[in-house]
Amino acid sequence: MNSTIETNSKNSTDMFKVEHKDSYAAWLQYKNIDNSALSNEYKHLWGSLNVLGNSLILETAKKELLSAISSMLGIEPAFAEPTQANLVLATKDSLGDLVDVDFDQLNDDGYVIKTVTSREEKQIFLVGKRDSGVLYAVFHLLRLMQSRNNLQQLDILENPKNQLRMLNQWDNMDGSIERGYAGNSIFYKDNQFSDELNRIEDYARLLSSVGINGIAINNVNVHKVETNLITSILLPKVAEVAAIFRAYGITTFLSVNYASTITIGNLSTADPLDPEVRQWWKEKAEEIYSYIPDFGGFLVKADSEHRPGPFTYGRNHADGANMLAEALQPFNGIVLWRCFVYNCLQDWRDRSTDRARAAYDHFKPLDGQFHSNVILQIKNGPMDFQVREGVSPLFGAMEKTNQMLEFQVTQEYTGQQRHLCYLVPQWKEVLDFDTYAKGEGSEVKRVVDGSLFQYKYSGITAVSNIGNDYNWTGHTLAQANLYGFGRLTWNPDLAAEDITDEWIGQTFGSDELVKETVSKMLLKSWSIYEKYTSPLGVGWMVNPHHHYGPNVDGYEYDVWGTYHFADWKGIGVDRTVKTGTGYTSQYFKENTDRFESIETCPDELLLFFHHVPYTHKLKSGVTVIQHIYNTHFEGVEEAEGLVESWLQLKDKIDQERFEDSLNRLQEQAKHSKEWRDIINTYFYRKSGIKDELNRKIY
């Protein structure tokens, strides 16, 4: 079944909701509770309601709560006075002395869920420091209810660890999505904004339910049409979309064309030190805020992959970012300046050339030169969202400059949502990576939550994976990546297993076989994908441009060579100080020493840091070439095992989601064989070394 359906009318979202109810609802299923004892218990707890205060977000919280209660219990809570209501929603300003809450323990988005018993009646208080906290508390309570938890005695205090919890839409106004694998844009069509505003609202619900509080609604590669998003031509429509997200506690940002002064401003330059350029951006910021008073700010990709930037004028990234930051400063706006900067036309045949060095080399010397409302947005690895690569050494290297982490939820290099590849375990590894920036215990998660260097602004963002497919993500199981990103961004200390169980319970219900089977499938899938694709951290090996399918020597921009430097003797990139590109020196000493030495370098990253003979023995005792053969055969077997596991659930999951996922898993199993055969054949012919187990290699 093709999950992409064109949105041709204002009612198409309603059609999705009816015809594809379970697929469209994602993890906000709110299924009727058919356990009569539990249902009666919940009904007793939720019989009456009072909302103290009046705001757009509080109204959203109330609406979500009433809708969920109606769906799960078939009742509508009555209004009751605050001292009598079973459920009370309140903020710090409206709570009064109804219940004791230590607001000093809460940050701006934090909340308390607390059960109070009096006169043999129970009251559940959902209290936020601000109204956004109340909304997050509502979603937390509904998460517990969907998981059929006991609600009799709740005493929960939650604070998000990260200040900014964002998504970047790579949507274009023609309706396409760069690296989009789930249909077309829900925001745009035919160079106009979509009239499907209720679809955008449903997306806002999904994001708010996992704590997302910011969104950039257009592609970082800003084309001619999208440049007009910051003009009076399109700002009224941007304001409409911003109003939808505002109701769910989500701030709207825009990606901007650095050369807008030339493209739409009738100036001959975009030099950041030119007074006319600076004045133009100040006036432009004032215009934007006149439409959207709570506008978040600008996301900028500059001087990378043919995008314009300050280099044209002999300026640096601090010059460019600061010019925009000064324009936004009066309105408390911020600049998110991407660090994905490298010369895409460099000659990769030159082994001293190393794309991995680029971000650090460009930005480290500028530490302390950026304004306080600039955040450097850094990809998790120095290359490009590979199935495995080293963590970017830029994290923690700039103690005077705000930093945030960028992940990619959309599976550009990890199967494009046609393959199952659950990325939460990968993200956990990145977040838990110790930079040693201030000695042991300086993990990436402490850098980007701002606590290590007391950044003014910091957080985590990611490239979104949704489109207008009726199940949002193409592959139903890819919804788990979006859910997991939100939950992990809220609290990076959550265990991958716990996040996984949450998503399964809310998405598919409480059946034990479903929980156990889907959990194992998800948690193993990253390893499975890695086994039949790129070994030992070498990365890439995909078809150029669209990045799907095996192409061992594929490279994006020309026929200049490869990233892996495989020859008849060996494979890998020498990034050492002693004999290679010197990239390892960009880490703090503890990691430099670990990665510099073949003996201490983790095997899973060996080829990312070292060029070694095929006969080099890994810590497992297996040679590199034999590891390549073994893992590619194992990966196929395990991909086939995913199909077998899913087939066990045929009568336990609705037909649409079962069949859609089965089709994807079957494609994955078939495609894994293509990967296996092409990779193994290539390295057999390159090395001349046979498989020790005498399996068939073409």
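Each reported figure results from applying straightforward, stated rules to the coordinates on display, with no laboratory input. As the structure is a computational prediction, the values presented were derived from the model and not from experiment. Backbone-built Cβ (ideal geometry, glycine too); neighbour counts: all protein chains shown.
Mean separation of Cα pairs under 8 Å and 6 or more residues apart, divided by the residue count, gives segment 465-580 a relative contact order of 11 percent.
Antiparallel beta bridges, as assigned by DSSP with both residues in segment 144-292, represent about 35 percent of the total such bridges. Past the 21 angstrom mark, what percentage of all C-alpha to C-alpha distances in segment 634-698 do you count? Summing the P(r) tail past 21 Å for segment 634-698 gives 40 percent.
Counting Lys and Arg as +1 and Asp and Glu as -1 over every other residue whose Cβ lies under 14 Å from the Cβ of Gln163, the net charge comes to +4. Relative protection proxy for 421-432, 473-484, from highest mean packing down: 473-484, 421-432 (other beta-carbon atoms within 10 angstrom). Computed on segment 585-698, the Cα convex hull volume stands at 158 Å³ per residue.
If you put +1 on each Lys and Arg Cβ and -1 on each Asp and Glu Cβ, how big is the dipole of the chain around its Cα centre, in Debye rounded to 20? Each step should come with its number before you reach the end.
Numbers: 69 positive and 95 negative charges, 188 e Å.
Charge dipole, the chain, about its Cα centre: 900 debye, nearest 20.
Candidate cross-link partners of Lys696 among the aspartates and glutamates, defined by an alpha-carbon separation under 19 Å and a same-chain spacing of 8 or more, comprise Glu634, Glu637, Glu638, Glu640, Glu674, Asp677.
Could you work out the local net charge near Lys21, counting Lys and Arg as +1, Asp and Glu as -1, over the other residues with Cβ closer than 12 Å to its Cβ? Mind dumping the intermediate values first?
On the way: positive: Lys17, Lys31, Arg657; negative: Asp14, Glu19, Asp22, Asp654, Glu656.
So the surrounding residues net to -2.
Please give the net charge around His371, taking every other residue with its beta carbon less than 12 angstrom from that of His371, where Lys and Arg add +1 and Asp and Glu add -1.
On the way: positive: Lys400, Lys456; negative: Asp319, Glu326.
Taking every Cβ under 12 Å from that of His371, the sum is 0.
Report the gain in length on full extension from Ser290 to Glu667: 0.36 nm times residue separation, minus Cα-Cα distance, nm rounded to one decimal. The partial results should precede the final answer.
Values: separation 377, 0.36 × 377 = 135.72 nm, distance 4.99 nm.
Extending this stretch completely gives an extra 130.7 nm.
The lysines whose alpha-carbon is closer than 30 Å to the alpha-carbon of Lys62, local same-chain residues fewer than 8 away aside, are Lys10, Lys17, Lys21, Lys31, Lys43, Lys92, Lys114, Lys122, Lys129, Lys161, Lys237. Only beta bridges with both residues in the chain are counted; by DSSP, about 35 percent of them are antiparallel. Restricting to Cα pairs below 8 Å that are 6+ residues apart, what does the relative contact order work out to for the chain? Please round to a whole percent. So the answer I get is 12 percent. Computed on segment 173-299, with alpha-carbon pairs under 8 angstrom and 6+ residues apart, the relative contact order is 23 percent.
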